Amino acid sequence: MQDQKLAKQLMKKSKTARYERFGHLLSLSALLLIMAIVLGIIIFIATKGLSTFFRDNISFKDFFTGVIWNPGTKTPSGQQAVGALPMIVGSFLVTILAAIVSTPFAIGTAVYMTEISPKRGAKILQPVTELLVGIPSVVYGFIGLSVVVPFVRNTFGGSGFGILSGTFVLFVMILPTIVSMTVDSLKAVPKYYRQASLALGATKWQTIWKVVLRAATPGILTAIVFGMARAFGEALAVQMVIGNAALMPHNLVSPASTLTSVLTAGMGNTVMGSLQNDALWSLALVLLIMSLLFNLMVHFIGRRGAFKK
Amino acid sequence: MLNTKNKSDRFIYHFNPEETEITMQTKNLEVYYGKSLAMHNADIQFQKNTITALIGPSGSGKSTYLRSLNRMNDDIATVKGQILYQGVDINQPKIDVYEVRRRIGMVFQRPNPFAKSIYGNITFALERRGVHDKRVLDEVVEKTLKQAAVWDQVKDNLHKSAQSLSGGQAQRVCIARALAVEPDVLLLDEPASALDPVSTQQLEQTLRELKKDYTIIIVTHNMQQAARLSDYTVFFNLGEAIEYNKTRKIFTRPKIELTDDYVSGNFG
Amino acid sequence: MNRTQKQSQIAILLLRLIAALVVLILAFLIGYIFITGLPNVSWKFLTSPAKAFTAGGGIGVQLFNSIYLLILAMIISLPIALGASIYLSEYAKDNWFTSMIRTAIEILSSLPSVVVGLFGFLLFVVQFNYGFSIISGALTLTIFNLPLLTRNIEESLASVSDDQRQGGLGLGLSKYETIVHIVVPAALPGIISGVILCSGRVFGEAAALIYTAGQSAPALNFGDWNPFNIDSPLSPLRPAETLAVHIWKINSEGIMPDLTQVSSGSAAVLVLAILIFNLSARYIGRKIFEKMTSMN
Ligand SMILES: Nc1ncnc2c1ncn2[C@@H]1O[C@H](COP(=O)(O)OP(=O)(O)OP(=O)(O)O)[C@@H](O)[C@H]1O
Ligand SMILES: [Mg+2]
């Protein structure tokens, strides 16, 4: 009898159990909301971006290989003028050039911070990189406009607007990203790697070059890909200095454009549902797909990484 | 009383339920972490108003066993078998685990006061259960702190942060906190291991006092402590209860050689 | 000295130069912004409305818009990020569902902000018909803010000792009560410093806003705080150019004669605000560290 009464008491669902259910569901729904947003972004932009091809019947070939961008009009040869190649090339050019310039600086800084002077690294360079990350992109754009563009104009001639100015601005913008992630991966290399190398009589530089950097390569690659992703997706800073001419870039100092710059400049001037507008959404879709690809690359490199936490 | 010798290499004392009041008991308990079996063969009964010590080498499954008793292993491990609390199997899905844990309280190895005042630490669980009457709460605070023998030391700064207390005081406040929700079993996992010898002595004295009202099960690495403090002792090894008997017998005339080796300090 | 040692020394010298150069770049950036910008910043500049065609315009409305949007975005994103991070750090099991969610959050955090802005434009401005407005902007900033804020809060929660959780559970409290009443308060300093860091990022964001909060800042009637009136500062349906958007806008198509002064002044104010966010987050972070190390 006694037992039965107790059993009943113990089996009654308490208020606490209801709290738990509530809290569990509440936090899960917050998470699912984020999940839904991500799916929403992908679906919305994919739908809009694909309508150029499936509703306006533009061929993929015209879009990806055409070099004349003036949606709604025809090219001299009679095709729709929706050639996105100039912007795609522009985006890739600034991204790759910025990465090429940034990488040695970033690795050098990171090596200095971890291998040569960790004290000064932590005291000065760490805050410096954090501050650099924090500076808003419009400020980079503003400085690009008032310092870099005139500099390029005076040195190389032309208007100063173009791929080169874009590269300069992006170089500074992605530098801190690459530095801080490279620092993390250098720090993850176990101490005894260095000790063993030095004990074998290698110089400090040989140790850094042959042992530390080699061991940290996957991490450094991830850092570079992250930097490139940031460069590829950066909109306003680039748009302010690149000149915004949807033309194939002939050289580094002629006005050009990127996917993001055409998007930001054009979206406000088109009517939803028109071909002009749809074509812009296709550019956004390319941007989205590239962002997903960068993510995939990070995963791919990360999986082969040596010292993952 | 009937004594059973399960296997020649294990000895588990059994009470006669007609004569003794059994508060808790485990039957065919098996605990798995993932797929690996961490604990089994521990059909042990705990007599009301006694102190039972769980001893054994590191990794022998003492904590695993203890944490199963109030379902604290729910999220970490798979627990099979029966855990009887006053005759009711509490290892069933239908059982409300929060009510179980209220009745079977737990004190941990490292003192873990919350970032609240001493008063707030003790009243917290009650308030969560809807008790807000200041008079009732005041009474509970005083009563439990007295039971935990720390009232005199803290009564003048009840609103000071509990995290600023010394280890020994903090551990007593944690005991008081556990007592506040009126459990009748108290599980303690090496509660004195972070304390100095004086605090340890005081804590033992407190537990002896508490025995009058509670059934106490305590894990300890300290052989003297088990001998001084407990009425019954379980010796664990490699995830099994090897010997369970009156503490006096375990420490003077153990029935199993392994137990003898362990308590006399020449283990392995 | 042999060749390899010489090589080593040269290489290390080179590394020092590179590091110095990076410091110089930041010094130049900050120096340039403040030296050209701060002389243009006055109380009048900070409080008066912008002018499109004549000199002497200020950034009062833009500054207000930035702050208002930031606060709204934080109010909306904080509970969501808190819920999501609680789930991730306290409930999530190590399974495919969790790793899928984590991947989704990673994707969101690496999405270009212009893409987030375009999504906000499609959903809030067009679909929900909120137009270019505070509310569209705040919701878009929320999406922009969620992944990083969630990650920051999750890290703060994870840094709370497991003993605290055990303590709560051992008293017969639910996991949820333990989290809300014990773990979150214990993680609060870390959460606050994460919120401040994210605030800096949100405050400086422009690309996500140009097609959501809009690029115009109609004059506000600072005597009317009824959110239902369209020229009230609090009205959620009015367009609201922020400081960051303003800098972009006037540099792209501004025609006022004092364009340079206005934009350098605006940039200085923006960077100063970010600097304050950054330093206070650091300060709070250090305080927590001191508190934690002094505890044991
Ligand atoms: N959370 C866990 N996950 C996986 N295995 C665990 C976990 N906790 C304990 N174990 C394993 O279960 C076994 C028993 O551990 P348990 O903590 O119960 O031992 P113990 O007797 O309390 O040891 P100690 O005296 O060191 O506290 C050990 O082999 C341990 O490695
Ligand atoms: Mg243990």
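At a glance:
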| item | result |
| --- | --- |
| Selection count where residues are touching a helix residue (DSSP H, G or I) at 6+ places or on another chain (Cβ under 8 Å), among the β-branched types (Val, Ile, Thr) and away from chain C (no Cβ under 12 Å), scope the range A:137-166 | 2 |
| Residue pairs meeting the criteria (Cβ under 7 Å; at least 6 apart or on separate chains; first closer than 9 Å to B:THR23 by Cβ, in the range B:43-57; second within 16 Å of ligand 1 (Cβ to nearest atom) and modelled with pLDDT of 95 or more) | B:PHE46/B:THR52; B:PHE46/B:ILE217 |
| Options A:ARG55, A:ARG21; residue that is more than 14 Å from chain C (Cβ to nearest Cβ) and either of a type outside the set (Asp, Glu) or at positive phi (or both) | A:ARG55 |
| Scope the range B:228-238; condition crowded, with 17+ Cβ neighbours inside 10 Å and within 23 Å of B:GLY105 (Cα to Cα); matching residues | B:LEU229, B:SER230, B:TYR232, B:THR233, B:VAL234, B:PHE235, B:PHE236 |
| Sole residue being within 13 Å of another protein chain (Cβ to nearest Cβ) and not aliphatic (A, V, I, L, M), chosen from C:GLY56, C:GLY31, C:GLY60 | C:GLY31 |
| Filter result for the condition that a residue is in contact (Cβ under 8 Å) with a residue 40 or more places away in the chain, open to solvent by 60 Å² or more (accessible area, probe 1.4 Å) and more than 9 Å from chain C (Cβ to nearest Cβ), over A:LYS187, A:LYS204, A:LYS191, A:LYS210 | A:LYS187 |
| Where C:SER252 falls short, out of the listed (1) within 14 Å of another protein chain (Cβ to nearest Cβ); (2) touching a residue at least 12 places away in the same chain (Cβ under 8 Å) | (2) |
| Residue among C:ILE12, C:ILE71, C:ILE25, C:ILE18 that is open to solvent by 20 Å² or more (accessible area, probe 1.4 Å), without any contact (Cβ under 8 Å) to a residue 60 or more places away in the chain and more than 9 Å from chain A (Cβ to nearest Cβ) | C:ILE71 |
| Residue check, C:MET295 modelled with pLDDT under 95, within 10 Å of another protein chain (Cβ to nearest Cβ) and surrounded by fewer than 21 Cβ atoms within 10 Å (Cβ to Cβ) | yes |
| Scan of the range A:256-276 for residues that are within 14 Å of chain C (Cβ to nearest Cβ) and at pLDDT below 90, ordered by number | A:ALA265, A:GLY266, A:MET267, A:GLY268, A:ASN269, A:THR270, A:VAL271, A:MET272, A:GLY273, A:SER274 |
| Test: residue in the range C:105-124 that is part of a helix (DSSP H, G or I), free of Cβ contacts under 8 Å to residues at least 60 places away in the same chain, open to solvent by 40 Å² or more (accessible area, probe 1.4 Å) and under 20 Å from A:THR177 (Cβ atoms) | yes |
| Leading residue by the ranking (farthest from the other protein chains (Cβ to nearest Cβ)) among those in the range C:255-275 that are hydrophobic (A, V, I, L, M, F, W, C) and over 19 Å from C:ASN65 (Cβ atoms) | C:ILE255 |
| Contacts under 6 angstrom Cβ, first residue in the range B:61-75 being over 13 Å from B:ILE217 (Cβ atoms), partner within 11 Å of ligand 1 (Cβ to nearest atom) and open to solvent by 20 Å² or more (accessible area, probe 1.4 Å), 6 or more apart | B:GLY61/B:ALA38; B:THR64/B:ALA38; B:ASN73/B:ARG67 |
| Condition check for B:ILE55: more than 13 Å from ligand 2 (Cβ to nearest atom) and farther than 14 Å from C:LEU169 by Cβ | no |
| Which numbered condition A:THR47 misses (of (1) of a type in the set (S, T, N, Q); (2) within 14 Å of another protein chain (Cβ to nearest Cβ); (3) more than 23 Å from the chain's Cα centre (by Cα); (4) surrounded by 13 or more Cβ atoms within 10 Å (Cβ to Cβ)) | (3) |
| Any pair with Cβ under 9 angstrom, 6 or more apart, that starts in the range C:161-184 at a residue that is in contact (Cβ under 8 Å) with a residue 40 or more places away in the chain and facing another protein chain (nearest Cβ under 7 Å) and ends at one that is open to solvent by 10 Å² or more (accessible area, probe 1.4 Å) and not in a helix (DSSP H, G or I) | C:LYS175/B:ASP75 |
| Test: residue in the range B:22-29 that is within 11 Å of another protein chain (Cβ to nearest Cβ) and either away from ligand 2 (no atom under 16 Å from the Cβ) or open to solvent by less than 30 Å² (accessible area, probe 1.4 Å) (or both) | no |
| Which listed residue, of B:GLY81, B:GLY59, B:GLY34, B:GLY87, is closer than 26 Å to B:ASN266 by Cβ and open to solvent by 20 Å² or more (accessible area, probe 1.4 Å) | B:GLY59 |
| Number of the condition not met by B:ARG67 [criteria: (1) among the charged types (D, E, K, R); (2) surrounded by 21 or more Cβ atoms within 10 Å (Cβ to Cβ); (3) within 19 Å of A:GLN9 (Cβ to Cβ)] | (3) |
| Helices (runs of 4 or more DSSP H) wholly inside the range B:161-268 that include at least 1 residues being within 16 Å of ligand 2 (Cβ to nearest atom) and modelled with pLDDT of 95 or more | none |
| The range B:97-146: number of residues that are within 16 Å of ligand 2 (Cβ to nearest atom) and either open to solvent by less than 10 Å² (accessible area, probe 1.4 Å) or within 8 Å of chain C (Cβ to nearest Cβ) (or both) | 5 |
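For every residue, the table says whether it meets (1) in a helix (DSSP H, G or I); (2) among the β-branched types (Val, Ile, Thr); (3) surrounded by fewer than 22 Cβ atoms within 10 Å (Cβ to Cβ).
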residue	(1), (2), (3)
C:GLU177	yes, no, no
C:PRO189	yes, no, yes
C:LEU209	no, no, no
C:ALA219	no, no, yes
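The values are calculated or read from the model by the stated rules, or taken from the named source; none is laboratory data. This structure is a prediction, so every number in the text was calculated from the model and none was measured. Positions of Cβ are generated from backbone atoms using ideal geometry, with glycine treated the same way; all protein chains shown enter the neighbour counts. Heavy atoms of the whole protein, side chains included, go into the accessibility calculation; ligands, DNA and RNA do not. Shrake-Rupley method; radii C 1.70, N 1.55, O 1.52, S 1.80 Å.
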